[in-house]
């Protein structure tokens, strides 16, 4: 992954040198996956958590604070109960969704594997433009020179291809414990206690009169819909696959071989004229 970052960085310097000072001044960990830490096991940058939360309160965020908090508490309580029920039905050491994701990545992997003894090998191949590439895979250390395995905690396509060349080696043995069923159960082991109706709540006496803040309402109707960024899927753009980097589909249903280092990425979609 670092080599791809370096290759793409050289392309930026060659085509647009004026933007280099800005990119150097900004925090690289924000926009460069090659600079991510391997501790968190996350290989993407998005705001899905905040979007899910906004979706939860879409119909109720205009309510008073007490009613809004009561609604959020009920949603969290129900979500934890559902996840606990799901965890009881799951089997295996690793979450099935992760195993299915890795199995889909194993399709159409036309790689050349050269074993170097033990559980180490060189995995090589050609891009769509016949550009040669090669990576070193170490199953004992759970590493690949591309860096994707170390950052995400899930074997990359190079490691998957090498693992598939063995008969008695299981793919789930090389997935990080973060994706284990045990950790999933530990995440949702807590319980939100049920509450009685608001009419039965105890009325407290803070010892002073609490008044609402003085607010100046701006003119016009308050905005409800979220402003989406340009790269976000929806009305303002199209989905881009993380496997082949083509537009129009996502990684889950991709049938194209993964894009490797040196391959020319597809151009960004043109901005819509206003």
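Is it true that some residue in the range 197-206 is closer than 30 Å to residue 64 by Cα and surrounded by 10 or more Cβ atoms within 10 Å (Cβ to Cβ)? Among the residues of the range 197-206, at least one is closer than 30 Å to residue 64 by Cα and surrounded by 10 or more Cβ atoms within 10 Å (Cβ to Cβ), which makes the answer yes. Can you work out which of the residues in the range 161-173 that are closer than 21 Å to residue 125 by Cβ and out of contact with any helix residue (DSSP H, G or I) (no Cβ under 6 Å at 6 or more places or on another chain) is surrounded by the most Cβ atoms within 10 Å (Cβ to Cβ)? The selected residue is 162.
For the range 172-206, give me the residue count where each residue is in a helix (DSSP H, G or I), out of contact with any strand residue (DSSP E or B) (no Cβ under 8 Å at 6 or more places or on another chain) and more than 24 Å from residue 78 (Cα to Cα). Break it down into steps so the answer makes sense when it comes.
Residues of the range 172-206 that are in a helix (DSSP H, G or I), as a first pass: 172-174, 177-179, 181-187, 198-200.
Remaining after also requiring out of contact with any strand residue (DSSP E or B) (no Cβ under 8 Å at 6 or more places or on another chain): 173-174, 177-178, 182-187, 198-200.
So of that shortlist, the ones also more than 24 Å from residue 78 (Cα to Cα) come out as 173-174, 177.
Final tally of qualifying residues: 3.
Given the condition over 16 Å from residue 44 (Cα atoms) and assigned to a helix (DSSP H, G or I), answer yes or no: does some residue in the range 148-156 qualify? Scanning the range 148-156 turns up no residue that is over 16 Å from residue 44 (Cα atoms) and assigned to a helix (DSSP H, G or I).
Reported count of residues in the range 106-140, each being under 13 Å from residue 174 (Cα atoms) and out of contact with any strand residue (DSSP E or B) (no Cβ under 9 Å at 6 or more places or on another chain), is 0. Only residues that are modelled with pLDDT of 70 or more, outside any loop (DSSP other than H, G, I, E, B) and surrounded by 11 or more Cβ atoms within 10 Å (Cβ to Cβ): list them for the range 217-253, please. 240, 247, 251, 252, listed by residue number. Among the residues making up the range 105-132, those that are at pLDDT 90 or above, surrounded by 14 or more Cβ atoms within 10 Å (Cβ to Cβ) and not in a loop (DSSP other than H, G, I, E, B) are 105, 113, 120, 121, 122, 123, 124, 125.
The values are calculated or read from the model by the stated rules, or taken from the named source; none is laboratory data. Please read all numbers here as calculations on a predicted model, not as lab measurements. Virtual Cβ from ideal backbone geometry, glycine too; neighbours counted across all protein chains shown.
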